[in-house]
1. Test of understanding: among 69, 120, which residue is at pLDDT 90 or above and in a strand (DSSP E or B)?
2. With on the phi < 0 side of the Ramachandran plot, at pLDDT below 90, touching a helix residue (DSSP H, G or I) at 6+ places or on another chain (Cβ under 7 Å) and surrounded by fewer than 18 Cβ atoms within 10 Å (Cβ to Cβ) as the only criterion, which of 176, 136, 147 stands out?
3. Scan region 1-31 for residues that are without any contact (Cβ under 8 Å) to a residue 60 or more places away in the chain, out of contact with any helix residue (DSSP H, G or I) (no Cβ under 8 Å at 6 or more places or on another chain) and in a helix (DSSP H, G or I) and report the count.
4. If I filter region 38-55 for residues that are over 14 Å from the mean Cα position of the chain (by Cα), at pLDDT 90 or above, closer than 17 Å to residue 119 by Cα and outside any helix (DSSP H, G or I), do I get at least one hit?
């Protein structure tokens, strides 16, 4: 798999899959023999994070062309990375229009990743299963760059030693002293 594909797939997992399923999905997608278990599950996929997977009402878009227009209005480029139950589509970079045309109306589960970790489209087998996967920023991903995070859980944090002062004590004291030093000369000039 290409670096582009790895980037998109890791970002989809970290941004749009329920937290308790991310490690499992990463494990399945990372190996060609296990990948089919993940892509086969896309038909009736239940692991999307509902906070970032919004149904697309028919009034907003009800056809492939309208979905493409919606994705482009949100910043999608001309190409997408495809994760799909369809062997012909899975693991490929394709044009957004071609990927949508081949996905729309089919009964195969598919994710089209437009902007890694920020914008994607999900289509399942069921009627009205289409979801706009959108995340405006990744603040809750433990304050580390999205694509550099491993799929493994973080080790437990160690307790601070008795010598270490709390972080806030270091932060507030210099600010207060700096403020005092700035105001003293101003008072002397006024006298």
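The values are calculated or read from the model by the stated rules, or taken from the named source; none is laboratory data. If you're wondering where the values come from, they're calculated on a predicted model, not measured in any experiment. A quick note on method: Cβ atoms are made from the backbone with ideal geometry, for glycine too, and the neighbour counts reach across all protein chains shown.
1. 120
2. Details: 176 fails: touching a helix residue (DSSP H, G or I) at 6+ places or on another chain (Cβ under 7 Å); 136 fails: touching a helix residue (DSSP H, G or I) at 6+ places or on another chain (Cβ under 7 Å).
Only one candidate qualifies: 147.
3. 6
4. For region 38-55, residues over 14 Å from the mean Cα position of the chain (by Cα), at pLDDT 90 or above, closer than 17 Å to residue 119 by Cα and outside any helix (DSSP H, G or I): present.
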